[in-house]
1. If I ask for residues that are surrounded by fewer than 14 Cβ atoms within 10 Å (Cβ to Cβ) and basic (Lys, Arg), which ones from the range 89-130 would you list?
2. Kindly indicate which of 183, 258, 254, 226 is at negative phi, at pLDDT 90 or above and surrounded by fewer than 15 Cβ atoms within 10 Å (Cβ to Cβ).
3. Could you check the range 122-174 and list, in sequence order, the residues that are outside any helix (DSSP H, G or I) and touching a residue at least 60 places away in the same chain (Cβ under 8 Å)?
4. Looking at residue 80, is it surrounded by 15 or more Cβ atoms within 10 Å (Cβ to Cβ), among the basic types (Lys, Arg), in contact with a His (Cβ under 9 Å, 6 or more places away or on another chain) and part of a helix (DSSP H, G or I)?
5. Which of the residues belonging to the range 1-46 are modelled with pLDDT of 95 or more, of a type in the set (Phe, Trp, Tyr) and over 24 Å from residue 80 (Cβ atoms)?
6. If residue 223 satisfies every condition in (1) within 13 Å of the chain's Cα centre (by Cα); (2) within 23 Å of residue 67 (Cβ to Cβ); (3) not aliphatic (A, V, I, L, M) but one, which is the exception?
7. Anything in the range 77-120 that is of a type in the set (Gly, Ala, Ser) and modelled with pLDDT of 95 or more? List them, or say none.
8. Could you identify the single residue in 239, 232 that is touching a Phe, Trp or Tyr at 6+ places or on another chain (Cβ under 8 Å), more than 26 Å from residue 144 (Cα to Cα) and either surrounded by 14 or more Cβ atoms within 10 Å (Cβ to Cβ) or assigned by TED's automatic domain parsing to the domain that holds residue 58 (or both)?
Amino acid sequence: MLFQITSSLIFASTAMLIVWLLQYKTNNAGFVDVSWAFCTAIIGIYFVYMNTDSFNIRNIIAAIMIGFWGFRLGFYLLKRVLTENEDRRYNYMKQYCGKYAQFVMFLFFQLQATWAVLFASTIFSVVNNQSIALNVVDYLAIVIWCISITGEYFADKQLHQFRKSNDRKKVCDIGLWRYSRHPNYFFEWLHWWAYILLSIGSSLWWLSWLIMLIVLIFLVKITGIPYTEKNAIRTKGSAYKKYQQTTSSFLLLPPRRP
């Protein structure tokens, strides 16, 4: 396991170095998100390959899950990066750091390399499962994964359609966004539950729980919802505050009366 983690860190760190040079040339740090998604998927598949001595359908399912999730997310983010201005988070970070901006961005990119390896390590909890035959819980994991990928796809698609056809000062409250202010984050979090179910019976089951909790904390408390909501209030004002009163922040729930 140590060799696999070390080699994955070297791979992710090298990838992030290349992407850091790319953002320096293009002045668009959004490429870090694209690279993180691709690296997490590739490393997850690598962990499955290195830990599967013989045909194991559960491990293959896990590789398909994390691979499809990562590449779908990566290509979606790549399209945004190539067609939109730099994410305000990174623009603000550069302005705040001033002359040290590129050094800070380099460290930030390398930190993302570490996160890619950490998140992909949830696969270890699956490949350590000694049970060979699939059971009801494994099929439930597949169902949850399908729901999460489908939900994330439609949430992204609805937001993209809204941005193309509506006034940016209005609030996106169509489709899934009527039931949650951040359905994309909710389905992103739900996706990680699939590995928890696939790893039941594994001695490393706790690792899949740890990754899921880290994802939840980051989405709800650190880089996801807090920054997005702060920026939305700044750009949309009272319209978004009213949206906050009627719509769940994370879980998909029926709209409330203001």
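The values are calculated or read from the model by the stated rules, or taken from the named source; none is laboratory data. The structure presented is a predicted model; accordingly, all values stated were derived computationally and were not measured. As a convention, Cβ positions derive from the backbone with ideal geometry for all residues, glycine included, and neighbour counts pool all protein chains shown.
1. Passing the criteria: only 99.
2. 254
3. Result: 128, 129, 130, 131, 132, 134, 168, 169, 170, 171, 173.
4. Taking the combined requirement at face value, the residue satisfies it.
5. Matches in the range 1-46: 11, 46.
6. (2)
7. Listed by number, the residues that qualify are 113, 116, 120.
8. Checking each option against the conditions leaves just 232.
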